[in-house]
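The values are calculated or read from the model by the stated rules, or taken from the named source; none is laboratory data. The model shown is predicted, which means the values in this text are computed figures rather than measured ones. Please note: Cβ atoms are built from the backbone with ideal geometry, for glycine as well, and neighbour counts cover all protein chains shown. The accessibility values were calculated without ligands, DNA or RNA, using every heavy atom of the protein model including side chains. Shrake-Rupley method; radii C 1.70, N 1.55, O 1.52, S 1.80 Å.
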Amino acid sequence: MDFNNDGILDIVVGDRNGFVNYFRGTATGVLTTEPDIVANGTTIDAGSNSAPVIVDWNEDGLLDLILGQESSSPGSVRLYLNSGTAENHVFTTYSWIQSSSTNIAWYRCCPQVVDLNLDGKKDIICGENNGKLAYYENVATNASPVFSGYEFLESNGSDIDLYYGTRLWVNDWDEDGLLDLIVSDYNGWVYLYHALSTGIEDEAGTELDSNCELSISGSPTNGYFSVGILLDADSDVQFRIYSTDGRIVSESGATQFTAGEHAFGFDISGEPSGIYFVQIDTGNIILSESVVLIR
């Protein structure tokens, strides 16, 4: 994650004491220890077990800070909006992220912001003290997220339950175009949960059709790649490329294509390093593949 917009990856991490530590990357590959992140001129202190997420929450082009904490009262997920610049962040008063007009509140909360259902809007997943994973689907827009209730993520028909203290990361581990879960627990174990195409999806979602195919070729790690599609019938096709936090990097309007093979070139070389999802929507089916960009 490039925190200071200099084209070099940095690290922002929470700690047991509740502070938010910042390690700046340099051109030589060495990390330098910077002052802990501040708000209103004072070092941010979440009490204990701070769990930061850096994301452009309101889609204004500036990185904001989402912060989980140990205490669940009066809430457990803070939102610090950046009112500065891409290079010099200014965080002031925080607000609590809510669901159904009530502060999200999990003891030892570890949030992640990710577009889990690939609908182009950022969702939230919270690890918590009792070992489960609470999924909050964004029911509004990507720039103004709204949450209305949650559900626990499941594996093999039952709630994921690691007994105590879940912390998580979301990543396309096997590069199949689906987001997988990497989850740790209080005892130090790390678990990998592979996503299936029958997992969480929009209610209006449709089943995948094996007669339509999507492929990636070229140099996706550099940001230059081609997308190939094979259609079994004439279709209106729309392309979108998403970042993992739901930001639309590139999209096209729906265009009529005949049955058969088609190829299109994309350039996302100007985007930050990370995982991106290429999605095609024919109106009847949706297919996606992931690409990893390394700058």
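Details
- Residues of segment 24-42 classified as under 20 Å from LEU67 (Cα atoms) and open to solvent by less than 60 Å² (accessible area, probe 1.4 Å), total: 4
- Matching residues in segment 97-132 - criterion: being open to solvent by less than 30 Å² (accessible area, probe 1.4 Å), of a type outside the set (A, V, I, L, M, F, W, C) and out of contact with any Cys (no Cβ under 7 Å at 6 or more places or on another chain): SER99, GLN112, ASP115, ASN117, GLY120, LYS122, ASP123, ASN129, GLY131
Listed here are the residues, each with its yes/no results for (1) touching a Phe, Trp or Tyr at 6+ places or on another chain (Cβ under 7 Å); (2) within 22 Å of SER290 (Cβ to Cβ); (3) part of a strand (DSSP E or B); (4) of a type outside the set (Asp, Glu).
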| site | (1), (2), (3), (4) |
| --- | --- |
| CYS126 | yes, no, yes, yes |
| SER144 | no, no, no, yes |
| TYR164 | yes, no, no, yes |
| LEU168 | no, yes, yes, yes |
| GLY188 | no, no, no, yes |
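- Residues that are open to solvent by 60 Å² or more (accessible area, probe 1.4 Å), aliphatic (A, V, I, L, M) and not in a loop (DSSP other than H, G, I, E, B), drawn from segment 231-254: ILE248
- Condition check for ILE54 on (1) touching a residue at least 24 places away in the same chain (Cβ under 8 Å); (2) over 17 Å from GLU87 (Cβ atoms); (3) in contact with a strand residue (DSSP E or B) (Cβ under 9 Å, 6 or more places away or on another chain): one failure, at (2).
- Pick from segment 259-286, criterion of a type in the set (A, V, I, L, M) and open to solvent by less than 20 Å² (accessible area, probe 1.4 Å), ranking: nearest to VAL114 (Cα to Cα): VAL278
- The set of residues in segment 2-23 that are under 19 Å from GLN112 (Cα atoms) and open to solvent by less than 70 Å² (accessible area, probe 1.4 Å) comprises ASP2, PHE3, ASP10, VAL12, VAL13, GLY14, ASP15, GLY18, PHE19, VAL20, ASN21, TYR22.
- Selected residue (criterion: surrounded by the fewest Cβ atoms within 10 Å (Cβ to Cβ)) from residues of segment 133-175 that are at positive phi and in contact (Cβ under 8 Å) with a residue 40 or more places away in the chain: GLY149
- Scanning segment 64-95 for residues that are touching a residue at least 12 places away in the same chain (Cβ under 8 Å), open to solvent by 60 Å² or more (accessible area, probe 1.4 Å) and either of a type in the set (A, V, I, L, M) or more than 17 Å from VAL38 (Cβ to Cβ) (or both) turns up SER73, PRO74, LEU81.
- Annotation: of all residues in segment 173-186 being at pLDDT 85 or above and in a loop (DSSP other than H, G, I, E, B), the one that is nearest to THR244 (Cα to Cα) is LEU179.
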